[in-house]
Amino acid sequence: MTDFNEKVDTLIASIRQVYGDDFIPLHRPVFEGHERQYLVDCIDSNFVSSVGKEIVQFENMVCDFTGAAHAVATVNGTAALHAALICAGVTRGDEVLSQALTFIATCNAISYAGGKPVFIDVDKDTMGMSPTALRSWLEANTRQENGFCVNKKTGAIIRACVPMHTFGLVLRIQDIADICEAFNITLVEDAAESLGSWDGDTHTGRFGAMATLSFNGNKVITTGGGGMILTEDEALAKKLKHITTTAKVPHPTEFVHDQIGYNYRMPNLNAVLGVAQMQTLPSMMSIKSEIAAFYKELGTQQGWHVVQPREGTTSNNWLIAICLDSPQQRQDFLIRTNAAGVMTRPIWRLMNELDMFSDCQHDGLEVSKWLEQRIVNVSSGVPDARLKDVKVSV
């Protein structure tokens, strides 16, 4: 144990050489562009709520960056995923395939839509849904009936599949997309953590019917709170915009709503932050790539298993992950680093281990359990010393 503690102390010292002697957070927002001026301009314009040109501008900037045809801004990533699942046809009694190794928002959104999660194991290298595990479970547990994929055990329609790109690492998403198509399941990518991640030349979020992003305060860019839905389908984009803006029918004088809608609109005040953040995103991505290279070198020098993007993919390096040798090492690591003022955190508790999802069907989750006991995140933000290198691209 003494040797391991010394190894952790060496890592802490190395991290402090980059981030300094003060408390080091896991990740923090960086406002080094036009955020302050754009906020003042927005306040002066009085368009601070759900109407404002910056909402459309922000949506267009994300489309330009990702290559997606359409984007719909929302108040947060969970709302984005809920709306996407509604438009995927998920309703009460349906089932949705997802990961147990994910943030709670994924399963909350499935529940809001009336669905029930079914948990599929992940690949060890990506920590995202395993296409091998997905195909195996579907072949053993489902049948095709009237064009739908039906769970043979429960009789429920499996309406959608929601894999997540964990920490910005790109899962084997094309394989997942092919399987979903073969089994008549709608693919909705949870790309909340992967703005700036690519599978070859294709940005995450462009492999299924829809995908969702998050702009929470700890993401690569932030709007304070906020989310977005990406789609290639114009009709679907219009439907998403309609239901996320209270399903109000345009009318010169009357308030007419043609279905149950949701007040999931992103305020213009948040959107102006998004515009400014998108202008600095390329610069931020470059700096975060250097931080990732720093940790990769530390892994080589000090013997840490720093999780790397799989070949042919590019990660946004949102949160750097280290895989430890045992559950005990994980616990010791977390205690020692946080006590030293260097924030680290474990990966999420598996969803099927939470009371509200404990009765959900799953495939054994062998790899998910293994990773849960060993993965930690380390400080991954932009250091103060590099803020001078942040450039604005207008």
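Summary of values
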read-out: Sequence ranges 217-228, 338-349, ranked by mean other-Cβ count within 10 angstrom, highest first; value: 217-228, 338-349
read-out: Segments 131-137, 71-77 sorted - mean Cβ within 10 Å per residue, highest first; value: 71-77, 131-137
read-out: Alpha-carbon centroid distance for the pair the range 206-281 / the range 109-154, whole angstrom; value: 27
read-out: Over the range 35-276, relative contact order from alpha-carbon pairs under 8 Å, at least 6 apart, %; value: 27
read-out: Restraint check, Lys238/Lys391; Lys53/Lys248; Lys53/Lys219; Lys288/Lys369; Lys124/Lys288, Cα-Cα greater than 26 Å; value: Lys238/Lys391; Lys288/Lys369
read-out: Label-point gap, in nm, between Thr300 and Asp9 - each point 7 angstrom along Cα→Cβ; value: 2.7
read-out: Taking the range 178-319 and dividing mean pair separation by its residue count, relative contact order in percent (alpha carbons under 8 Å, at least six apart); value: 22
read-out: Magnitude of the charge dipole, the range 125-252, Cβ model with Lys/Arg +1 and Asp/Glu -1, debye to 20; value: 580
read-out: Dipole of the chain, positive direction: furthest Cα of Gln331, Gly299, Gly261, with charges on the beta-carbon; value: Gly261
read-out: Cleavage-rule hits, trypsin sites (Lys or Arg not before Pro), the range 7-56, DSSP coil, Cβ neighbours within 10 Å at most 14; value: none
read-out: Residue-averaged [θ]222 nm for the chain, counting only DSSP H segments that reach four residues, each worth -39500 (n - 2.57); value: -12000 deg cm²/dmol
read-out: Unit charges on C-beta of K, R, D, E only; dipole of the range 35-276, Debye; value: 660
read-out: DSSP-loop GluC sites (Glu not before Pro) across the range 234-303, with at most 12 other Cβ within 10 angstrom; value: Glu254
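Values in this text are rule-based calculations from the coordinates and carry no lab data. Here the structure is a predicted model, which means the values were calculated and not measured. Reconstructed Cβ throughout: ideal geometry from the backbone, glycine too, with neighbour counts over all protein chains shown.
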